[in-house]
Amino acid sequence: DSGVTQTPKHLITATGQRVTLRCSPRSGDLSVYWYQQSLDQGLQFLIHYYNGEERAKGNILERFSAQQFPDLHSELNLSSLELGDSALYFCASSVGVSSYNSPLHFGNGTRLTVT
Amino acid sequence: GENVEQHPSTLSVQEGDSAVIKCTYSDSASNYFPWYKQELGKRPQLIIDIRSNVGEKKDQRIAVTLNKTAKHFSLHITETQPEDSAVYFCAASNMFNSGYALNFGKGTSLLVTP
């Protein structure tokens, strides 16, 4: 168990809908990263938060947004869902702001299916 | 941005043989290179990492080598066992590209047959 908790484990919804994925980092970790894993694209970096502030953005669509709350948990909001958004969404956490000094630990992921 | 390419996409070896997975990266500023193992239906788990100030690192049956000049790094698994079967991802990161977020290769599916 990595100590990173993601809920829900599975989510099935229809096109056009909006969903929220939740991540609780390991105790003591200040960084939260979100990744999208689809079969043909591997692990794609979406966004990184450190201690409540956005630090970096990757290939995150404008329909997606995220935030990190004062208690350090993070939420990823996906709206106007399309079939192509179906994927496994991972959250990873680390102690520091940089992966160089503090390795990333992944949660078990949320599998999103858009029908 | 950083582009990480990984080869091969699939690899099949017999138990006891060695397996080698290679990655190249595009951004010469990258200085952290971890490898993750992902078993079917599970989360990626860090198995070994290397920083740009060293050329090789070893942990039991697993070793990673880094060639900064050529911008490539490799994962070597010796004496493979069936439980090594999984998808392996390489990644690269640096401060100037996505603020040290990991940029992953597309993965290598390793199958170790008894």
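The values are calculated or read from the model by the stated rules, or taken from the named source; none is laboratory data. Quick caveat, the model's predicted, so the values are computed rather than measured. Glycine gets a Cβ as well: all are built from the backbone with ideal geometry, and neighbour counts include every protein chain shown. Note: areas computed on protein heavy atoms with side chains; ligands, DNA, RNA excluded. Shrake-Rupley method; radii C 1.70, N 1.55, O 1.52, S 1.80 Å.
Roughly how many Å² is the accessible area per residue of the protein assembly as shown, as a whole number, for a 1.4 Å probe? It would help to have the intermediate numbers written out before the result.
Numbers: 10900 Å² over 229 residues.
It amounts to 48 Å² per residue over the protein assembly as shown.
Can you tell me the relative contact order of chain A? Whole percent, Cα pairs under 8 Å, sequence separation 6 or more. It would help to have the intermediate numbers written out before the result.
Working: 295 pairs, mean separation 42.3, N = 115.
Relative contact order comes out at 37 percent.
From the cross-link list A:K9/B:K58; A:K9/A:K57; A:K9/B:K68, which pairs have alpha carbons spaced over 28 Å apart? Don't jump to the answer; show the numbers that get you there.
Working: A:K9/B:K58 35 Å; A:K9/A:K57 24 Å; A:K9/B:K68 39 Å.
Distance filter (> 28 Å) returns A:K9/B:K58; A:K9/B:K68.
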> Accessible area drop of at least 40 Å² (1.4 Å probe, protein heavy atoms): which residues of segment B:27-64 qualify, relative to the chain alone?
Replying inline: B:Y32, B:Y36, B:R43, B:P44, B:R51
>> Give me the extension gain from B:E39 to B:E15: residue separation times 0.36 nm, minus the current Cα-Cα distance, reported in nm with one decimal.
In response: 6.9 nm
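So, with a 1.4 angstrom probe, what is the percent of accessible area on segment A:1-88 that is carbon and sulfur?
Working: 2050 of 4560 Å².
C and S atoms contribute 45 percent here.
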> In segment A:44-115, which trypsin sites (Lys or Arg not before Pro) are in a loop and have at most 16 other Cβ atoms within 10 Å, using DSSP for the loop call?
Replying inline: A:R63
>> Through the Karplus equation 6.51 cos²θ - 1.76 cosθ + 1.60, θ set to phi - 60°, convert the phi angles of segment B:37-52 into ³J(HN,Hα) values in whole Hz; use x for Gly and Pro.
In response: 10, 10, 7, 4, x, 10, 7, x, 10, 5, 10, 6, 9, 9, 10, 5
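With N denoting the number of residues in chain A, provide Rg(C-alpha) divided by 2.2 N^0.38 Å, to two decimal places. Let's see the in-between values first.
Working: Rg = 13.2 Å, N = 115, 2.2 N^0.38 = 13.4 Å.
Rounded to two decimals, the normalised Rg is 0.99.
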> Which three lengths, in whole Å and largest first, does chain B cover when its Cα atoms are put on their principal axes?
Replying inline: 44, 28, 20
>> Suppose we compare each residue of segment A:77-115 in its chain alone and in the full protein complex with a 1.4 Å probe; which ones drop by at least 40 Å² of accessible area?
In response: A:S99, A:Y100, A:P103, A:L104, A:F106
>> Nearest 5 percent is fine: what portion of the DSSP beta bridges confined to chain A is antiparallel?
In response: 90
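Rounding to the nearest 20 debye, state how big the charge dipole of the protein assembly as shown is about its Cα centre with +1 on each Lys and Arg Cβ and -1 on each Asp and Glu Cβ. Let's see the in-between values first.
Numbers: 19 positive and 22 negative charges, 35 e Å.
Computed charge dipole of the protein assembly as shown: roughly 160 debye.
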>> From the alpha carbon gyration tensor of segment B:60-102, can you work out the equivalent ellipsoid semi-axes (sqrt of 5 times each eigenvalue) and give them in Å, largest to smallest?
In response: 26, 14, 7
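Could you tell me the total accessible area buried at the A-B interface, probe 1.4 Å, in square angstrom to the nearest hundred? Don't skip to the answer; put the middle values down first.
Working: alone 6280 and 6410 Å², together 10900 Å².
Roughly 1800 Å² of accessible surface disappears when A and B pair.
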>> Net charge within 12 Å of B:M95 by Cβ-Cβ distance, Lys/Arg positive one each and Asp/Glu negative one each, not counting B:M95 itself?
In response: -1
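What is the sum of charges around A:P8, taking Lys and Arg as +1, Asp and Glu as -1, for the other residues whose C-beta is under 10 Å from the C-beta of A:P8? Provide the component values of the computation, followed by the final result.
On the way: positive: A:K9, A:R22, A:R111; negative: none.
Counting the neighbours of A:P8, the net charge comes to +3.
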>> What are the extents of the Cα atoms of the protein assembly as shown along their three principal axes, in Å, largest first?
In response: 48, 37, 30
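In segment A:24-83, what is the volume of the convex hull around the alpha carbon atoms, normalised per residue and reported in Å³? Numbers along the way, then the final one.
On the way: hull volume 5.4 nm³, N = 60.
With only Cα atoms used, segment A:24-83 gives 89 Å³ per residue.
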